[in-house]
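These notes concern the structure reproduced below.
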Amino acid sequence: MGRETMTYISAEQSRLFDDFAINKMGISSVVLMERAALAVYRRLLESPNFSLKKVLVIAGTGNNGGDGAAVARLLHLRGISATIWLLGDRQKASIEMQRQLTIAENYGLSVVSSVDDLKNYSTIVDAIFGVGLSRDIKGKFAQVVEQINQSAIPVMAVDIPTGIHADNGQVMAIAVKATETVTMSYNKLGLAEKTGQAFAGLVTISDIGVYDPNSLKRYLD
């Protein structure tokens, strides 16, 4: 199904479109997460900007982290060394993230709670916070973002760089400086702004099967 590749949407629209796909159209959230992970995985394989000798996926406990955990699993199954660094309390993770961590561990991936030296890795996948972030990043999360930026290791951001506001592109205290970003379904308003563009790097828009309900009217009427 075609769409305008330069349509920009807000965080709220992104949430509503996902909700429509899952609860109205009946597409499983697991399917959407797998499609998102496949999009990031494929871009990692094809881009000249990343060495996949040893990949570290840094994941939060929300669904953005779930996307990242699924990316790590796909890399692992291709024979690429991938580790998941989980930030936050696993017991408080979203249902989807808990499912992805279980699947990853079933396949033999390592899920760790700390990493001594990021420079042991050739590529970082940023799956800490997605478009739903609405508060400044503080504490341990801010420290990890600073570590990422200081490492000078190429970074692939999942949907949006951690710390960039999805609606206005502003830095929420601190943000990941990504080499590339794979954003899902539609580009985000924040990535149309100068600051958002600078932190996102090269942006790839991936169709994962989530659409603006208004664009589907001719199919639903």
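Observations on the model:
- The portion of the accessible surface of the chain made up by carbon and sulfur, rounded to a whole percent, is 47 (1.4 Å probe; DNA, RNA and ligands excluded).
- Accessible area of the chain divided out per residue, in Å², using a probe of 1.4 angstrom: 47
- Sequence-ordered 3J(HN,Hα) estimates for segment 36-50 from the Karplus curve with 6.51, -1.76 and 1.60 and θ = phi - 60° stand at 5, 5, 4, 5, 5, 4, 5, 5, 4, 6, 8, 6, x, 7, 10 Hz, glycine and proline given as x.
- Cubic angstrom per residue, convex hull over Cα atoms of the chain: 115
- Distant-in-sequence amide H partners of Lys188 (H built 1.01 Å from N, under 5 Å): Ile9
- Peptides 20-29, 197-206 ordered by packing proxy, namely the average of other Cβ atoms within 10 Å per residue, highest first: 197-206, 20-29.
- Chymotrypsin sites (Phe, Trp or Tyr not before Pro) within segment 84-190: DSSP coil, no more than 14 neighbouring Cβ in 10 Å: Tyr107
- Whole-Hz Karplus values for segment 197-205 come out as 4, 5, 7, 7, x, 6, 9, 10, 9 Hz, taken residue by residue from phi with 6.51 cos²θ - 1.76 cosθ + 1.60 and θ = phi - 60°; glycine and proline positions read x.
- For a straight C-alpha distance cut-off of 23 angstrom, the lysines reachable from Lys140 (same-chain residues fewer than eight places away being disregarded) are Lys92, Lys119, Lys177.
- Residues in segment 145-159 reached by a label modelled at Leu52 [backbone nitrogen below 17 Å; 7 Å Cα→Cβ]: 154-158
- Segment 156-169 - phi-based ³J(HN,Hα) in whole Hz, Karplus 6.51/-1.76/1.60, Gly and Pro as x: 9, 8, 8, 6, 7, x, 3, x, 9, 5, 5, 9, 10, x
- Relative contact order (percent, whole number), segment 1-126, Cα cutoff 8 Å, 6+ residue spacing: 27
- Loop sites in segment 1-110: GluC sites (Glu not before Pro), DSSP, at most 14 other Cβ within 10 Å: Glu4
The values are calculated or read from the model by the stated rules, or taken from the named source; none is laboratory data. Everything quoted here is computed from the prediction, not taken from an experiment. Positions of Cβ are generated from backbone atoms using ideal geometry, with glycine treated the same way; all protein chains shown enter the neighbour counts. Calculation scope for accessible area: heavy atoms of the full protein, side chains included, ligands and nucleic acids excluded. Shrake-Rupley method; radii C 1.70, N 1.55, O 1.52, S 1.80 Å.
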